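Colleague: Would you mind keeping the following structure in view while I ask a few things?
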Amino acid sequence: MDKTYERKLPVSSLTISRFVDNISSREEIDHAEYYLYKFRHSPNCWYLRDWTIHTWIRQCLKYGAQDKALYTLVNKVQYGIFPDNFTFNLLIDYFIKKENYKDALSVVFEIMMQEAFEVPSTQLLSLHVLYHCLAKKTDCSWEEERNFGASLLLPGLKQKNSVGLSSQLYGYALLGKVELQRGLRAVYHNMPLLWQPGYLDRALQVMEKVASSPEDGKLCAEALAVLDRTLTALTAPAPQSSEEQPREGEDGQGSGDLLEQLDIEETEQSKLPRYLERFKDLQSKLEALGRVESESLLALTTRLIQEQLPTCEAEDMATYEQKLQQWHLERVHLIQREQEQRERAKREHEARRAAKAAASQARGAPAPTTRASLEPRPEIPRDHAAASAPSACLSS
């Protein structure tokens with residue numbers, strides 16, 4: 001591949017796939033990382049195959065290079081690592097078994113950013129990691145609250161059970177807190193979220209849905225407590241220091257958008273007393289209906305995993321086997337195309353060499369010779385030449 005890059009020729013996806021397939025040591029992981037980066041910044045960058053990404057993650061885990069797998073995943077734009085759900089599950093499962101929930105949480109955040117919560121097994125594993133980290137995390141930055149909120153909300157919308165409803169409530173509460181404290185743009189910027197205000201109102205709508213639903217859905221007391229603390233903290237007046245007051249003559253770049261954003265925030269801020277009142281009423285109604293689950297969200301998620309994960313894994317394995325067959329057919333097709341291109345390139349090269357040899361022979365060949373010209377000319381004696389020459393007297 002180095003010679004190909006030096007000649008400024010494109011490297012095929014089949015070549016980089018073979019290189020990743022043949023990794024046999026930890027040292028070769030570093031070499032493959034370099035070539036993945038080079039391939040991502042080459043003209044063929046769009047053609048990194050799904051099986052190459054899957055094999056790369058497997059090879060990293062096999063040779064103890066899980067840090068490389070996570071690094072290339074987080075820096076996906078530079079390396080082109082966009083795994084499928086099965087590969088994501090492999091990575092999460094590896095970190096859970098190693099009790100490395102910090103890296104497992106980073107994988108869940110990447111799944112959230114790529115909106116890859118289509119498979120139930122990925123949803124369940126992600127929720128387990130999220131609630132395990134939230135149970136031990138006491139203080140979060142606003143960026144972490146936003147990431148936690150989005151990561152809880154997206155799989156929660158797909159789960160039709162108490163864990164899913166409680167995850168929606170929990171996620172909306174965290175996102176509503178960020179919306180009121182940091183502004184709406186801080187919620188949706190570079191995030192797969194809506195840019196419409198009212199995340200706290202959506203949390204209350206989840207409570208209303210559960211209270212009016214004929215189904216036996218419940219909300220966890222843990223999620224209700226998070227929303228209660230959020231509304232109480234936001235409703236309490238916070239004194240604004242003089243340093244936070246806007247200065248006269250300050251640069252007003254983007255002032256129109258800022259004023260519009262402030263108007264939205266003030267509207268949501270003015271609704272907080274009503275939100276708090278609605279929350280109290282809905283909480284009392286849910287308790288009266290017996291729709292409040294006292295067990296922790298981590299325990300509920302663990303139980304749900306024990307019940308549903310074996311079935312989900314069987315479905316994932318069936319899908320994975322079908323995908324392997326599809327990958328095999330694609331690989332065979334690529335190998336055939338590669339052989340055809342090599343044969344065509346070989347024929348073209350031989351044709352160019354023949355044409356070049358013919359042209360050079362036509363330019364540098366000597367004049368044609370005859371047999372007569374090759375025979376030696378007879379030598380004439382000097383006196384015979386003088387006698388045969390006309391004399392001067394005769395010419396006079």
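The values are calculated or read from the model by the stated rules, or taken from the named source; none is laboratory data. Owing to the predicted nature of the structure, the values given are computational and were not obtained by experimental measurement. With ideal geometry, Cβ positions are generated from the backbone for all residues, glycine too; neighbour counts draw on all protein chains shown. Heavy atoms of the whole protein, side chains included, go into the accessibility calculation; ligands, DNA and RNA do not. Shrake-Rupley method; radii C 1.70, N 1.55, O 1.52, S 1.80 Å.
Colleague: Going by what's in this entry, would Arg337 be described as among the charged types (D, E, K, R), under 30 Å from Tyr47 (Cα atoms), surrounded by 10 or more Cβ atoms within 10 Å (Cβ to Cβ) and at pLDDT below 90?
Modeller: For Arg337, the condition - among the charged types (D, E, K, R), under 30 Å from Tyr47 (Cα atoms), surrounded by 10 or more Cβ atoms within 10 Å (Cβ to Cβ) and at pLDDT below 90 - is met.
Colleague: For region 318-359, which positions are more than 18 Å from Thr52 (Cα to Cα) and of a type in the set (A, V, I, L, M, F, W, C)?
Modeller: Correct list: Ala318, Ala345, Ala351, Ala354, Ala355, Ala357, Ala358, Ala359.
Colleague: Related question: For region 292-313, give me each residue that is of a type in the set (A, V, I, L, M) and open to solvent by less than 30 Å² (accessible area, probe 1.4 Å).
Modeller: Passing the criteria: Leu297, Leu300, Leu304, Ile305, Leu309.
Colleague: For region 60-93, name all the residues that are open to solvent by less than 20 Å² (accessible area, probe 1.4 Å), over 19 Å from Leu125 (Cβ atoms) and either polar (S, T, N, Q) or free of Cβ contacts under 8 Å to residues at least 40 places away in the same chain (or both).
Modeller: Hits for region 60-93 are Ala65, Thr72.
Colleague: If Glu110 passes every condition in (1) farther than 21 Å from Pro192 by Cβ; (2) acidic (Asp, Glu); (3) part of a helix (DSSP H, G or I) but one, which one does it miss?
Modeller: (1)
Colleague: Something else about it: State which residue pairs qualify: first residue touching a residue at least 60 places away in the same chain (Cβ under 8 Å) and inside region 132-145, second residue crowded, with 18+ Cβ neighbours inside 10 Å and among the aliphatic types (A, V, I, L, M) in any location, beta carbons under 7 Å apart, and separation of 6 or more residues or different chains.
Modeller: Every condition considered, the pairs that remain are His132/Leu298; Ala135/Leu298.
Colleague: For region 37-54, state whether one or more residues are closer than 22 Å to Leu124 by Cβ and hydrophobic (A, V, I, L, M, F, W, C).
Modeller: No: zero hits.
Colleague: I'd like the full set of residues that are free of Cβ contacts under 8 Å to residues at least 60 places away in the same chain and either touching a strand residue (DSSP E or B) at 6+ places or on another chain (Cβ under 8 Å) or charged (D, E, K, R) (or both), limited to region 276-314.
Modeller: Passing the criteria: Glu277, Lys280, Asp281, Glu287, Arg303, Glu307.
Colleague: Mind checking whether some residue in region 36-57 is open to solvent by 70 Å² or more (accessible area, probe 1.4 Å), under 27 Å from Lys98 (Cβ atoms) and free of Cβ contacts under 8 Å to residues at least 12 places away in the same chain?
Modeller: No, there is no match, as no residue in region 36-57 is open to solvent by 70 Å² or more (accessible area, probe 1.4 Å), under 27 Å from Lys98 (Cβ atoms) and free of Cβ contacts under 8 Å to residues at least 12 places away in the same chain.
Colleague: Considering only helices (runs of 4 or more DSSP H) fully contained in region 151-221, which possess at least 1 residues that are within 24 Å of Ser284 (Cβ to Cβ) and not small (Gly, Ala, Ser)?
Modeller: Of the helices (runs of 4 or more DSSP H) lying wholly inside region 151-221, those with at least 1 residues that are within 24 Å of Ser284 (Cβ to Cβ) and not small (Gly, Ala, Ser) span 162-182, 199-212.
Colleague: Do we have Ser121 as open to solvent by less than 20 Å² (accessible area, probe 1.4 Å) and hydroxyl-bearing (Ser, Thr, Tyr) here?
Modeller: yes
Colleague: Within region 214-233, can one find any residue that is of a type in the set (Asp, Glu), under 33 Å from the mean Cα position of the chain (by Cα), at pLDDT 90 or above and crowded, with 18+ Cβ neighbours inside 10 Å?
Modeller: Yes, there is a match, as at least one residue in region 214-233 is of a type in the set (Asp, Glu), under 33 Å from the mean Cα position of the chain (by Cα), at pLDDT 90 or above and crowded, with 18+ Cβ neighbours inside 10 Å.
Colleague: Being more than 23 Å from Glu293 (Cβ to Cβ), in contact with a Phe, Trp or Tyr (Cβ under 7 Å, 6 or more places away or on another chain) and open to solvent by 10 Å² or more (accessible area, probe 1.4 Å), is that true of even one residue in region 171-183?
Modeller: yes
Colleague: From the set of residues in region 135-150 that are among the basic types (Lys, Arg) and part of a helix (DSSP H, G or I), which is surrounded by the most Cβ atoms within 10 Å (Cβ to Cβ)?
Modeller: Restricting to residues being among the basic types (Lys, Arg) and part of a helix (DSSP H, G or I), the top hit is Arg146.
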